[in-house]
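Here, each number is a calculation from the coordinates, and none is a lab measurement. Remember, it's a predicted structure, so these values are computed and weren't measured experimentally. Reconstructed Cβ throughout: ideal geometry from the backbone, glycine too, with neighbour counts over all protein chains shown.
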Amino acid sequence: MAIILGIESSCDETAVAVIDGRGATLDRRIVAQRIASQDAAHRPYGGVVPEIAARAHVEVLAPMVAATLDDAGIALADCDAIAATAGPGLIGGVMVGLVTGKALAMAAGKPLIAVNHLEGHALSPRLADPALEYPYLLLLVSGGHCQLLEVRGLGHYRRLATTIDDALGEAFDKTAKILGLGYPGGPAVEALARSGDPRAVPLPRPLLGSDEPHFSFAGLKSAVLRAHQAGCHAPADIAASFQAAAIDCLVDRTRRALAVCGPVNALVIAGGVAANVALRGALELLAQSAGLPLVAPPRQLCTDNAAMIGWAGVERFAAGLTDPLDSAARPRWPLDAAAEPVRGAGVKA
Ligand code: KG4
Ligand code: ZN
């Protein structure tokens, strides 16, 4: 087990972590981590502006690496490898982190590990819970993705479902925009939903009960817009009704996946939307009814961070999986390359 420097820069968080694979608990595994959010830079635009994101990563990343190594009380030479996100994501930002990782690897004479950001999310529950064994069913819900994956082992992913239109995080962010809650939207919608009535606004639940395995959120998003424009519902009721509809869809699709997947040790959630407390509660009930534990990483490990990238590096390094210094940055990089493309537009992987 190794000490790995992790770097994340695929969206609007710049993050660096030092992970010690020998640690028996989460506290010991994350030796140091720093994260700089770009929320303030993107807020005026109501979403992430790729060029602003890339420039902001350039400004903070190199000093952040030095500061994180300092926090950990180690030198670059003490790391066994450098793990950097190589995709999928906003390509300018990915390139900043990957090139920095390559330069550090070259300077220190250490191997590079080019990490798939989605693998970082997919393995983050194993960083948080050392007892979690493969295989498990993973619900990966983030700003760019909404997928159910059978995680059979490191690098072995079978996609059971994906979204045919919007990702769930995207639907939360659009709902926030419609309700004037600003950016980023997920936590704001969740907070407002707490004071609303989830049955107040009738909203559709796309694909609920369908034989098709996938997700769809575009119709729900449009219904939120219409409900808001009608002007007769309180924003808190719209937020609560939206969240309840989205959670109903997730639970239904996950129940279906549990029925068709191979034997699994746990139901696992990861990605930014997995920070949502109501969603975690609903999936806890589903897991109980399936006789499985629900494993959900602490909320700060659900949203983008470098600890999960460093941890994916730990697992890959232990398996002898390092990458050449000419590894490419990839805007798209599905975890299950064999999965059929689905109908619909705007699907990120
Ligand atoms: O994983 P992540 O940090 O970045 C991506 O890889 O996309 O996920 C970000 C997404 C955003 O859409 C954000 O609104 C959503 O996760 N999110 C939430 C919550 N916290 C973050 N959605 C619902 N409830 C939350 N508490
Ligand atoms: Zn992410």
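Given H placed 1.01 Å from N in the peptide plane, which residues other than close sequence neighbours of Asn265 have an amide H under 5 Å from its amide H?
Tyr136, Leu137
Would the chain count as rounded, prolate or oblate if I go by the C-alpha gyration tensor, calling it rounded below 1.5 in a/c and otherwise prolate when a/b exceeds b/c, oblate otherwise?
Judged from the Cα gyration tensor, the chain comes out prolate (a/c at least 1.5, a/b above b/c).
From the P(r) of the stretch 1-73, can you give the percent of Cα pairs sitting at distances over 20 Å?
Distances greater than 20 Å cover 38 percent of the Cα pairs.
Go ahead and estimate [θ] at 222 nm for the chain from helices alone: -39,500 (n - 2.57) per DSSP H run with n ≥ 4, summed, over the residue count, rounded to 500.
One gets -13500 deg cm²/dmol as the mean residue ellipticity at 222 nm.
Taking θ as phi - 60°, what are the ³J(HN,Hα) couplings along the stretch 184-196 by the Karplus curve (6.51, -1.76, 1.60), each to the nearest whole Hz, with x for Gly and Pro?
For the stretch 184-196, the Karplus-derived couplings read x, x, x, x, 5, 5, 4, 5, 5, 4, 4, 9, x Hz, x marking Gly and Pro.
First select every other residue whose beta carbon is under 11 angstrom from the beta carbon of Gly262; then total the charges, Lys and Arg +1, Asp and Glu -1.
Within the 11 Å Cβ shell, the charges total +1.
Hey, what do the phi angles of the stretch 258-271 turn into as Karplus ³J(HN,Hα) couplings, whole Hz, using 6.51/-1.76/1.60 and θ = phi - 60°, x for Gly and Pro?
4, 6, 10, 7, x, x, 9, 8, 6, 9, 10, 10, 8, x
Given an 8 Å cut-off on Cα distances and at least 6 residues of separation, report the relative contact order of the stretch 134-296 as a percent.
About 28 percent, as a whole number.
Considering only C-alpha atoms, what is the centroid distance from the stretch 71-101 to the stretch 199-225, in Å?
The distance from the Cα centre of the stretch 71-101 to that of the stretch 199-225 comes to 38 Å.
Would you grab the residues whose amide H sits under 5 Å from the one on Ala32? Only those 5+ places off in sequence or on another chain, please, with H modelled 1.01 Å from N.
Counting only residues 5 or more places away or on other chains, the set is Val18.
Just to be sure I follow the rule: in the chain, considering lysines 8 or more places apart or on different chains, how many pairs have Cα atoms under 20 Å apart?
Summing the qualifying lysine pairs gives 5.
May I ask you to order 117-125, 186-194, 64-72 by the average number of other C-beta atoms within 10 Å around their residues, highest value first?
117-125, 186-194, 64-72
Which value in nm describes the separation of the simple spin-label points at Glu51 and Ala67, placed 7 Å from the Cα toward the beta carbon?
According to this spin-label approximation, the distance is 2.7 nm.
Given the chain, what percent of its DSSP beta bridges are antiparallel, to the nearest 5?
Approximately 60 percent, going by the DSSP bridge assignments.
Decide, for the stretch 50-177, between rounded, prolate and oblate: order the square roots of the alpha carbon gyration tensor eigenvalues as a ≥ b ≥ c, take rounded if a/c falls under 1.5, and otherwise choose prolate if a/b is larger than b/c, else oblate.
Oblate, since a/c reaches 1.5 and b/c is not below a/b.
Taking Cα centroids, how far is the stretch 267-343 from the stretch 154-195 in Å?
The distance from the Cα centre of the stretch 267-343 to that of the stretch 154-195 comes to 16 Å.
Could you give each residue of the stretch 285-294 its phi-based ³J(HN,Hα) in whole Hz, using Karplus coefficients 6.51, -1.76, 1.60 with θ = phi - 60°, and x for Gly or Pro?
5, 4, 4, 4, 5, 8, x, 10, x, 9
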